[in-house]
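Participant: This is the structure I have questions about; it appears just below.
What follows draws every value from the coordinates through simple rules; no lab data is involved. All figures in this text were calculated on a predicted structure; none of them were measured in a lab.
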């Protein structure tokens, strides 16, 4: 199923079997015949308590979405997992509301007419401030909250900041800001696929294939893999209108997954580094 069906077909067929699945208790002994490996073990662990395709894709981004959909479809088709129906709301009988008791309208008391009272007219004297005279050429003093004064104080504060520092809030200082690269165009994605295929034919190591220096940290490996997966997923290629008739993008994406899983696992990474250095004569 994983090798012969697209991700869209797998997801569509899976929705016909259900949306959320749980592993049958009696099916645990029959899992060996599915020929599952270590990569599929997180899916089995999640199925013991109940999970769905979106939950698995969101919980572990290292898992191949096509592999998840194919595995759930195979287990569901063979009866190893069962669909969990969403909870339905029990309909309740609609009780008849008690009809209100009719009441006779009450006549409000008519207000007693009163004669208007005349207020005493007391003359009010409005005092005017004397005109303020300013020397010629002097400007009126503005309040501290005036925009011009606020802008002047900010400029003065920036001038007092030592060179090499920025005027930021204290809790933002010392925190690195990660800028995500701009999205590649369709032509750049095609060139990315061609370049990675060339590296794969040349037998490049996992670090070089992902585009990081040899022996790079796990965080750099993860960042490089996520950037590749950002453009090589089938749904992204379909969205951009890039056909993959010869499975070139799929081949590059599969190799990127292999490189990522190898270089982010401590045991596999050490074994790979030793074998690569021995092969290169370091």
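Participant: Name the shape class, rounded, prolate or oblate, that the alpha-carbon gyration tensor gives for segment 7-83, where a ≥ b ≥ c are the square roots of its eigenvalues, rounded holds for a/c under 1.5, and otherwise prolate holds if a/b is larger than b/c and oblate otherwise.
Facilitator: It is rounded, given that a/c, with a ≥ b ≥ c, falls under 1.5.
Participant: A further question on this structure: Need the full-extension length gain, residue 218 to residue 186, defined as separation in residues times 0.36 nm minus the C-alpha distance. One decimal, nm.
Facilitator: 8.6 nm
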